Amino acid sequence: MDMVMKLGAESPVVIFSKSTCCISHSIETLIRGFGANPTVYELDKVSNGKQMEKALVELLGCTSSVPAVFIGEEFVGGSNEIMSLNVRGRLKQLLLKANAIWI
């Protein structure tokens, strides 16, 4: 879990995903649409991906580990949380506060 939290704090926006997950791709596209440039870790392509996936399942509290999004060094959640923030107009504010975007 410590490794995931450390990686999540390395950049204004960090997304843990899998290369075959269309939801992860959609969340990444949404965040990039605001002008942010997230750091993306594809768990199926990194050497310790299985360990990170276990930690993310614990963190998310469900069976699906991806996508998992950190904004401003804080764990925000998965796709449901990100989409909810976007619908309520709060995702942009989080990205601004994290200095992930400037306008």
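The numbers here are math on the coordinates, done by the rules we state, and not lab data. These figures come from a predicted structure and were not determined experimentally. So basically every Cβ, Gly included, is an ideal-geometry build from the backbone, and we count neighbours across all protein chains shown.
Before anything else, pin down the relative contact order of the chain: Cα pairs under 8 Å, at least 6 apart, normalised by residue count, whole percent.
Working: 164 pairs, mean separation 34.9, N = 103.
Once normalised by length, the contact order is 34 percent.
Just to confirm a number: summing +1 for Lys and Arg and -1 for Asp and Glu over residues other than residue 60 whose beta-carbon lies under 12 angstrom from that of residue 60, what do you get?
Numbers: positive: 54; negative: 53, 58, 81.
Taking every Cβ under 12 Å from that of residue 60, the sum is -2.
Run the numbers for residue 93 and residue 34: contour at 0.36 nm per residue of separation, minus the present Cα-Cα distance, in nm.
In short, 20.2 nm is gained.
Just one of [x] 1.23; [y] 1.51; [z] 0.94 is Rg/Rh (Cα atoms, Kirkwood Rh) calculated from these coordinates, so which is it?
Of the listed options [x] 1.23; [y] 1.51; [z] 0.94, [z] comes from this structure.
Return the percentage of antiparallel bridges among DSSP beta bridges fully within the chain, rounded to the nearest 5 %.
65 percent
Grab the DSSP H runs of the chain that are 4 residues or longer, score each as -39,500 (n - 2.57), total them, divide by all residues and round the 222 nm result to the nearest 500 deg cm²/dmol. Don't skip to the answer; put the middle values down first.
Numbers: 5 runs with 47 residues, N = 103.
Taking each H run of at least 4 residues, the total per residue is -13000 deg cm²/dmol.
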